[in-house]
Every structure is written in C-alpha cells, then in structure tokens.
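Here is the structure we will look at.
The values are calculated or read from the model by the stated rules, or taken from the named source; none is laboratory data. Here the structure is a predicted model, which means the values were calculated and not measured. Because the Cβ atoms are built from the backbone with ideal geometry, glycine has one as well, and the counts that use them run over all protein chains shown.
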Amino acid sequence: MYQRIYRSGIVTILSLLAISGSFSPMQAQQDNRFEVSKHLDIFNALVKEVELFYVDSVDVEKTVRRGINSMLAGLDPYTEYIPEQEMDKLKMMTTGEYGGMGAYIRQRDEGVIVIEPFEGMPAALSGLKAGDRILAIDSINVEKATSERVSELLKGVPNTKMTLRVQTPGKKKPHTVEITRKQIMTGQVTYYGVRGDNVGYIYLKGFTDKSAQEVKAAFEDLKTNHHIQSLILDLRNNSGGLLESAVQIVNMFVPKGKEVVSTKGKISQWDRIYRTSNEPADTVIPLAVLINENSASAAEIVSGALQDMDRAVLIGQRSFGKGLVQSPRELPYNGSLKITMSKYFIPSGRCIQQIDYTHREADGSVAAIPDSLTTVFYTSKGRPVRDGGGIRPEFEVEEPKIPTLMYYLLNDYVLFDFVTDWVQAHKSIPPVESFDVTDADFEAFKAYAKEKDFSYDRQSVKYLKSLKEVAEFEGYMETNAEIFKALEAGLTPNLDHDFDRFREQIKRVMAAEIVKRYYYQKGELIYNLKEDDVLRKALDILADPELIGKTLQAPAAGEEETLRKKTHAPGGTGKGGGLAGKADMQDDQFGDCPYAVGRAGNANA
C-alpha cells in the first residue's frame, strides 16, 4: 500500500514538472530534466526517511497528498490533483448528473444535515426537509461522519434502495425513510419567464454539457408561446463550467462562423480557436446580459464575446476575471491532474484574467492586475474595452452590501434554524409573488436570536481593538483614553438597534429562505427578482431602443478619449487582493473537457 501511494504521488509530481520542460529548447529541456530527476530523488528519499524513522506512525497517503496539494497551490487555485476515489465528481461536474437522492447536505457540529432537497427528486418526494439530520444510512452509523463520507454513502447506482434514519428538529424520536436512488439531473436554467412588457428572462446558474440545450429550449418557448420582443440572460453568480457550452450559447445570437474565444498556452500546437458552427436562433432580438462580481469563466466568455461583437448590452457589476483554462491529464492509478494550460481570449483579443498568479509577493500573496497596466482593445464597432480585470458592463448598477449582522445570522445557522421551526408551524404559504414576511415574523426572529444568545463581531470593533493595542504600544493611550472609551461605547454591538436598522434586508432574506422551503430554488429566485435593481435597469434599457443603439455604436470623433478614460477609471475593480481569496470558490473550466463544481460548502447527495 505504501509503495503504491508513494509511487502515485511521485508520478503526479513528475507529470506536472515534465509538462513544463518537455517542449522547451534543447538545452533548457536538458536542464529541466536534470532538475526533475534531482528533486524527485530528494522527494523519494524524504518520504522513505519520514516513513521509516519519524517518531510516530505516518499516514503516507495523507502526507504525500498534503505535499502535492501544497505544490499545486503555489501555482493557482484551479490546478489540482484528483485521485481515483474522487473521479466520480468529475463526471457530475461535466454533466450535472449523478446517482443519488437529490439534495445538498452540510456538516454541522451536531452532524450532517439536509440543507436543501431538490424539487421533484427522491429526497423531496420522500418527505426529507431542510434541517433533517442524517443519523444512519442502511446499517452504517453516520452521526459523527463528515459530509464527504455521507455524500459518498448516499450516492449509488440509480434504482437501488437505501434506508435513512433521520432526526427531524422538534421531533422527539428519529424516524426511518426509504429512498430509491435516481439519476439526478440538475437543470442549469433555474427559471425562465416573461418580465415587464414582452421581455423574456432566462436565469442560467452554470455551464454543463446540457446548458445550451436548456437555454435554447427556454428561448424558443418564450418566442413561440409568449411572443417576447427582447431578452434578458441572467448570468449573475454563475461561476462557469464548460467552454463548449459557452460557445454554443453565444452561437444562438450571432451568425455561423464567428470567432467566440481562442485559447493560447505554452504548447502552441494545442492552441485552439472556437467558432460558432450552427445557424443562430435569432441575431436581431435586443439582448441584455446581467453579470456581477461572481460571474466567472464560461459566464465571462458569453458576456464578453457578446459585448465584443456589439450584440448585447451588459448590466450589473464588473465580473470576476477568470481567464485561465484547465485541461485534464491522466495519471497512474486512475487519477487525474487538472492543470491550467492556457488563457482564453475573447473576440476583441483581450484576456480578462484578474489575478496575476505568475508574480507573487514574498509572502506568497497575489494581487489584481492594476488598471494602469491594462490595455485598450476594441469591439467589432470600435468601442474601447479593456483586458485584465473581468468584463465591465456598459451600465453599472451597485448591489446592496450585506451587513455584518446578516453574515453571522446566516453563517451561524440562526436564520436557517428559525425558518426550520417556522416551516413546521406553517403547512403552506401564498404564491411567491404575493408572499412577504410580516412584522410579527420579524419580531419573532429577533426574539429567537436573543433566546439563542446570538452574538456577532463587527469589523469596526475588531479594528478599534487593534488600534488600541497600537496606541498603547506607542504611548498614546494615557492622553486619549476618553476618546477610546467614547468610541467603544458608540461601536458596542446593539442587537435591537442593528436588527431594526437592517429590518428590510433581514426580512427579504428571511422571506427568500422561507420561499425556498416550499417552492425550491425556482421560487427563491422569483422572490428575489421582486426587488431587483439590476433587473429593473435592464427592463428600462430594453424599453429604449434608441439608447441601446447609441450604446452599441462606436464613439463619435472626440468622444473616444473620454470613453477610454471612463473604462480606465481608478479603483475600477473594487476588489484588489481580496479577490484571490474567493478564487477557490469559483467553478473551474477544462479546455476540451471543462466542468463546473457545486455550491461552495455544500455536498451533493
């Protein structure tokens, strides 16, 4: 066992290093081969010495895996080793399909709970609800198991049966549920319909091998049966997926033969140009694409390509900025290396990669490419656009910031648990369009938070504490003690005050969570669209054909420099180094075989 794991880890590292050296000029290639051989010998000796002589027993698999992960983490967040036992995730990510019960699960202190059953899937049909704790699967006790282990046990061959022992909140005794696994197909078009006056709306949450078919079916239904005159494609919080799927969706709205994206890397023989290959569905319908800072990868290919072709107006916030493409490389023992092999370039010629992973600070941190180092490119009609920092929409609309209080209410499960209890007392709710949280419900939630001794740290309090430590060190506290006392008094968290201050935001989040329990993801999305400033802006713009035409035209003489300065405004990203911290939450994309991951923090079951 030790030799197998050890050899697998060594070959993984060899595969990585060999790729980087095997296509260099002869001398450099020889130097790289020597370095590969040298360092593999060192690594080989280290593992053997540690396994033989370290004072305690060593789990060789975990040790080697830790070394592999650390090595790859020094490259970028998207390059990773996928061992044999995790390869089933790859299939699920590319197809959106797996055998299971159809639910998100998550680990909490008291065990693994159901977070969200999927509409029409076995978990929901069997009566499982959000908040149910899974105690056993068949004869296996999972009370102390991880969410990964529980997910593994819940998945299986479709049409096989399993028995779950479940503890429902508020019930004294556990109960058993028999579930027949099913081929779970997670649709990527969460919702489509008509908004405003004859405006079609499609929300796409990810890019799998069936996303283009889903978008096309939704669009054809909207055109044929609802006679829409314009279309909104919502890619907000869409973190990417299959590159080919992105090309197919762009193809729906532009002529055959148009270049959508190209990929370029170290190995020029593998560079590719992706063009539209089919006849389009509609090349003239007014089109608006909604994006935000969580729109990444394939979502940026679609929005960026349509912008570069002057085919759509973009509305929302600047996108994430992921211009890196990953491809799979087979490894021994049925594993795989997902490695960044190229960058993608949209039709204007720009790459929108935001974080420069090739230039790290001494502490290993990475930073965003500053606007001063970006380059101007031009759309098909001559409008200036810039590279290096995501896709910037023509119409920017700020989204409301989430208060610190709301973050802790969600992260500490206070809101989740309150809604779980609320749902048990309410067998049904009105239709989504007419549902809202009452003031009585809000007050009940506030009382519930107090009862649970809910507390939270505000950033201002943390910074004040740091400032006091510095002031004490530098000798300023004696003369400024009263000032600090006043600041502390003013910044002390006051639950009643903060609940009332953010009343409307809290009520909307409460309502969305409640709606999801009855009407699933589709209902949650429909509810959130009721108070959506970005959607309102899109509807206003699509109602003004003259504005759309003017926006998508090349700037007149003398206006170009003004527009160029506008696209080059200081502080345009608003993200900086903090973006790198979110990068590992973004969906990844292979070149010919990309995939998209599920929601961060949740496991599929």
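Matching residues to (1) of a type outside the set (G, A, S); (2) in contact with a Gly (Cβ under 6 Å, 6 or more places away or on another chain); (3) part of a helix (DSSP H, G or I); (4) at positive phi:
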position: A45; (1), (2), (3), (4): no, no, yes, no
position: R65; (1), (2), (3), (4): yes, no, yes, no
position: D88; (1), (2), (3), (4): yes, no, yes, no
position: V112; (1), (2), (3), (4): yes, no, no, no
position: G120; (1), (2), (3), (4): no, no, no, yes
inquiry  = On the basis of being under 18 Å from V114 (Cβ atoms), touching a Ser or Thr at 6+ places or on another chain (Cβ under 6 Å) and not polar (S, T, N, Q), does P174 make the cut?
reply    = no
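Output the residues belonging to the range 385-428 that are basic (K, R) and touching a residue at least 60 places away in the same chain (Cβ under 8 Å).
First, the residues of the range 385-428 that are basic (K, R): 386, 392, 401, 427.
Listed by number, the residues that qualify are R386, R392.
Every residue, every condition in (1) of a type in the set (D, E, K, R); (2) surrounded by 12 or more Cβ atoms within 10 Å (Cβ to Cβ); (3) more than 21 Å from S262 (Cα to Cα); (4) touching a residue at least 40 places away in the same chain (Cβ under 8 Å), yes or no:
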| position | (1), (2), (3), (4) |
| --- | --- |
| Q353 | no, yes, no, no |
| H359 | no, no, yes, no |
| S365 | no, no, yes, yes |
| D371 | yes, yes, yes, yes |
| V376 | no, yes, no, yes |
| T379 | no, yes, no, yes |
| R383 | yes, yes, no, yes |
inquiry  = Please count how many residues of the range 436-462 are in contact with a Phe, Trp or Tyr (Cβ under 8 Å, 6 or more places away or on another chain) and within 21 Å of I115 (Cβ to Cβ).
reply    = 4
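Could you list, in sequence order, the residues of the range 158-177 that are farther than 27 Å from D417 by Cβ and assigned to a strand (DSSP E or B)?
Of everything in the range 158-177, just one residue is farther than 27 Å from D417 by Cβ and assigned to a strand (DSSP E or B), namely K161.
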ask   = What about Q248, is it not aliphatic (A, V, I, L, M) and not assigned by TED's automatic domain parsing to the domain that holds E110?
value = yes
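Are there any helices (runs of 4 or more DSSP H) wholly within the range 395-497 with 2 or more residues that are surrounded by fewer than 14 Cβ atoms within 10 Å (Cβ to Cβ) and of a type in the set (V, I, T), and if so which? Step through it out loud before you land on a result.
Details: elements: 404-411, 414-425, 439-451, 459-474, 477-491.
Per the criteria, 477-491.
Condition first: over 20 Å from N251 (Cβ atoms), assigned to a loop (DSSP other than H, G, I, E, B) and in the same structural domain as I249 (by TED's automatic domain parsing). Can you find one or more residues in the range 327-348 that meet it? If you could, list the steps in order and put the result at the bottom.
Quick first cut of the range 327-348, residues over 20 Å from N251 (Cβ atoms) only: 327-343.
Those still in the list that are assigned to a loop (DSSP other than H, G, I, E, B) too: none.
The answer is no, given that none of the residues of the range 327-348 is over 20 Å from N251 (Cβ atoms), assigned to a loop (DSSP other than H, G, I, E, B) and in the same structural domain as I249 (by TED's automatic domain parsing).
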message = Filter the range 270-302 down to the residues that are in contact (Cβ under 8 Å) with a residue 40 or more places away in the chain, part of a loop (DSSP other than H, G, I, E, B) and over 19 Å from I541 (Cα atoms) and list them by number.
response = D271, A281, D282, E293, N294, S295, A296, S297
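Take A305 and decide whether it is in contact (Cβ under 8 Å) with a residue 60 or more places away in the chain, within 25 Å of the chain's Cα centre (by Cα) and surrounded by 17 or more Cβ atoms within 10 Å (Cβ to Cβ).
Numbers: in contact (Cβ under 8 Å) with a residue 60 or more places away in the chain: no; within 25 Å of the chain's Cα centre (by Cα): yes; surrounded by 17 or more Cβ atoms within 10 Å (Cβ to Cβ): yes.
Judged against the criteria, A305 is not a match.
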request  = Identify, by number, the condition in (1) among the hydrophobic types (A, V, I, L, M, F, W, C); (2) farther than 17 Å from E84 by Cα; (3) modelled with pLDDT under 50; (4) surrounded by fewer than 16 Cβ atoms within 10 Å (Cβ to Cβ) that M1 doesn't meet.
outcome  = (2)
ask   = Among the candidates I506, I548, which residue alone is surrounded by 15 or more Cβ atoms within 10 Å (Cβ to Cβ), over 25 Å from the mean Cα position of the chain (by Cα), modelled with pLDDT of 80 or more and in a helix (DSSP H, G or I)?
value = I548
query = Looking at (1) over 30 Å from V325 (Cβ atoms); (2) of a type outside the set (S, T, N, Q); (3) part of a loop (DSSP other than H, G, I, E, B), which is the one condition that is false for P77?
reply = (1)
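If you take the residues of the range 393-426 that are of a type in the set (D, E, K, R) and modelled with pLDDT under 95, which of them is farthest from T379 (Cα to Cα)? Working first, answer last.
Filtering the range 393-426 down to residues of a type in the set (D, E, K, R) leaves 394, 396, 398-399, 401, 412, 417, 421.
Within this subset, residues satisfying the condition of being modelled with pLDDT under 95 are 398-399, 401, 412.
Working: E398: 25, E399: 27, K401: 32, D412: 46 Å.
Checking each candidate, the answer is D412.
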request  = Run I137 past the list (1) under 15 Å from V114 (Cα atoms); (2) at pLDDT 95 or above; (3) surrounded by fewer than 19 Cβ atoms within 10 Å (Cβ to Cβ) and report the number of the one that doesn't hold.
outcome  = (3)
query = Taking into account only those residues within the range 183-206 that are in a strand (DSSP E or B) and at pLDDT below 95, which is surrounded by the fewest Cβ atoms within 10 Å (Cβ to Cβ)?
reply = Q183
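Which of the residues spanning the range 245-262 are outside any loop (DSSP other than H, G, I, E, B) and crowded, with 22+ Cβ neighbours inside 10 Å?
Step one: list which residues in the range 245-262 are outside any loop (DSSP other than H, G, I, E, B), which gives 245-251, 259-262.
Within the range 245-262, S245, A246, V247, Q248, I249, V250, N251, V260, V261 qualify.
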task = Take the range 134-157 and flag every residue that is in a loop (DSSP other than H, G, I, E, B) and in contact (Cβ under 8 Å) with a residue 12 or more places away in the chain.
result = D138, V142, E143, K144, A145, T146, K155, G156, V157
ask   = Does at least one position in the range 147-159 carry a residue that is surrounded by fewer than 16 Cβ atoms within 10 Å (Cβ to Cβ) and either closer than 29 Å to H426 by Cα or over 32 Å from the mean Cα position of the chain (by Cα) (or both)?
value = no
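Of all residues in the range 439-479, which are over 35 Å from the mean Cα position of the chain (by Cα) and of a type in the set (S, T, N, Q)? Step through it out loud before you land on a result.
So in the range 439-479, the residues over 35 Å from the mean Cα position of the chain (by Cα) come out as 468-479.
T479 - this is the single residue of the range 439-479 that is over 35 Å from the mean Cα position of the chain (by Cα) and of a type in the set (S, T, N, Q).
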